[in-house]
Structures are given as structure tokens and as C-alpha cells.
1. List every residue whose amide H lies under 5 Å from the amide H of N153, counting only residues 5 or more places away in sequence or on a different chain, with H placed 1.01 Å from N in the peptide plane.
2. Modelled label-to-label distance, A188 and S52, 7 Å Cα→beta-carbon offset: nm?
3. Which order do the peptides 144-153, 24-33 take when ranked by the mean count of other beta-carbon atoms within 10 Å per residue, highest first?
4. With θ set to phi - 60° and the Karplus curve 6.51 cos²θ - 1.76 cosθ + 1.60, what are the ³J(HN,Hα) couplings of the stretch 222-233 in order, to the nearest whole Hz, using x for Gly and Pro?
5. With everything on Cα atoms, drop me the angle between helix 3-13 and the longest principal axis of the chain, reported from 0 to 90° to the nearest 10.
6. For a protection proxy built on the mean count of beta-carbon atoms within 10 angstrom, sort 46-54, 188-196, 161-169 highest first, please.
7. Kindly put Y245, Y258 in sequence by how many other C-beta atoms sit within 10 Å of each C-beta, fewest to most.
8. Provide the percentage of antiparallel DSSP beta bridges, counting only those with both residues in the chain; round to the nearest 5.
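Just so you know, all these numbers are worked out from the coordinates, no wet-lab data involved. It should be emphasised that the depicted structure is a prediction, and the values quoted were computed from it without experimental measurement. With ideal geometry, Cβ positions are generated from the backbone for all residues, glycine too; neighbour counts draw on all protein chains shown.
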Amino acid sequence: MTTVEKNLVQTEEVSGLEGKVVVVTGSSKGIGATIAKELAKQGAKVVVNYNSSAAGAEKVVGEIEELGGTAVAVKANVSNLEDAKSLIEQTIAHFGKVDVLVNNAGITRDKTFKKMDEKAWNEVINTNLNSVYHTTSAVINPMLEQKFGRIINISSIVGQAGAFGQTNYAASKAGIIGFTKSLALETAKNGVTVNAVCPGYILTEMTAEIPENVMEAIVSKIPMKRMGTTQEIAEAVIFLAKADYITGQCINVNGGVYM
Ligand code: CAA
């Protein structure tokens, strides 16, 4: 078999998600919940990670099982290194491996910078950015050893364009983009791809907190004149989970508001 043929066989092997083991952080609600459900529909075995909403996580697991899928809820505060390690250890104990890690957990603590105290800064950096270090450091060696891995980080348009009242959130999401590109360089030759999805303004509980007048101004600037859906983000994640020759990229799913 020529090298080209061997490469094509490898590509075919990773074209589906049947039997793949996926961890989605912060998937008891919002974008994470939809990602978990859609990956399960593709045949993946899913770990639904939550921090405080056990009921939300169990609901997501129940919905996956109703459709004939496989999922388990695991509590872990991914802003804490030991908890994140335990999340990955529990996944490997339960399903034997981790193929896809979706770093989705994220919070906002919006305030203009003058009013932003250290607590609001640290909570956002710890939950959104340090969590990515925590989970990825726990999963990277097993992925490199099995010569297969998909790390998909949920960044944001705010990490690219900035947003009024979001210096902490923007810093965390921009940090994720830099992390994604750098790690992608380090792991590419071992079959581990690292990519990001940058959602624009998506209909979730998080964006429901944006004041109405601010929201109207935001939507008026979106070329498609509407917010996105969690489904539309999940579709980009599935694409990256299946893709073999894409790494270090950030896919914008934002209705054209940032190009
Ligand atoms: N643009 C311009 N000026 C704004 C503004 C905005 N978006 N929001 C507030 N201001 C102005 C106010 O009118 C006020 O002006 P004056 O001093 O002249 O009266 C000044 O800024 C300060 O206002 P506040 O005292 O109300 O400021 P605050 O520190 O309490 O913060 C805020 C207010 C948090 C910024 C609030 O306006 C807000 O929540 N804005 C929305 C932030 C946002 O877009 N969040 C996105 C959440 S969704 C998400 O993050 C997901 C994702 O990835 C996209």
C-alpha cells in the first residue's frame, strides 16, 4: 500500500463518531447541552459534565438515552485542577478512553472595567480559560498515546472583536484561541487536532441576561439579523470532531457579524 493509500484508509476510519468517547464540559444546559445531545446522535458515548446543575445534567443524559444513545453525568468543577483530572479519570474508568474533549464550560461576570473587581476577573479566567488547561492537561497524554484526539474549544466572537463590559470574558476567550493554535502545532504529528469554535450571539440563558436595549443594538449589527441557535454551534463541533486534516483553526458561527 502506498503512503497516499494508507493516509486515505486512516481518514475513512475517523469519518464517523460511532463508539467515540466524548467529554463535554459544562453540558447541563445551553450550548454544551446541545453539543452533548448532537454528538450522542452521531453515535458517540458522552460524558455530560456539570458543576452545580445535577438536574440539568440528568435531563440531558435522559434525553440521550431516550434516543438510544449512551451518556453519563459527571460532577466536576473544571476551574479546579483536581476536579478536572478526576473528570477525565472517571471517563477513562467508565468508557476506557477519551477521543473528543469539548471545552465548553464558561461564565460571564459583565461589568465595565472600572467597576470590575478581582473576584469577577478571576472567576471568569478560572472557569473559561484555566479550565481548558486543567482538562486538556489531564487528557493530552492518553490522546497522544492512542494517536487520536479531537480537542474542540468553545471560544467566542468576543475573544476576537471585544465587547463593552467584557474585558474579563474577552481575555479568557482570546486566550483560548492562542492556546488552540499553539497546542495544535505541538500535537499535529500524533493525530491530535486542536480547534476552536467562535460562536456569535446565540440564544441561551447567558445572552438572555443582556439588557434588552443592548441586545437590540447587537442584533441590528448582525448581517443575518438574528441570533444563532445552539444547534448551529453543535453542527460546527460535529464537523471538527469528524475532520482529520483541520487543526489550529477557529470556525466562526456568527451570522456574519465578524469576518
Ligand atoms: N455600549 C456603549 N456604552 C454602554 C454599553 C454598551 N454596550 N453598555 C453600557 N454603556 C454605557 C452606559 O450607558 C453608561 O454610560 P454613561 O456613564 O454615559 O451613563 C456607561 O456605559 C456605564 O454603564 P453602567 O454603569 O451600567 O456599567 P456597568 O459597569 O454596570 O456595566 C454592562 C453595564 C455590564 C456593560 C451592561 O451594559 C451589559 O450587560 N452589557 C452587555 C454586555 C454583553 O454584551 N454581554 C454579552 C453576554 S453573552 C456572551 O458573552 C456570549 C458570547 O460569547 C457572545
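1. The list, which skips near neighbours in sequence, is N103, N195, A196, V197.
2. Placing both labels 7 Å along Cα→Cβ, they lie 4.1 nm apart.
3. So the order, starting with the most tightly packed, is 24-33, 144-153.
4. Whole-Hz 3J(HN,Hα) from phi for the stretch 222-233: 7, x, 7, 6, 7, 7, x, 10, 4, 4, 5, 6.
5. Roughly 60 degrees, rounded to the nearest 10.
6. 46-54, 188-196, 161-169
7. Values: Y245 7, Y258 14.
By the 10 Å Cβ count, ascending: Y245, Y258.
8. Rounded to the nearest five, the antiparallel share is 0 percent.
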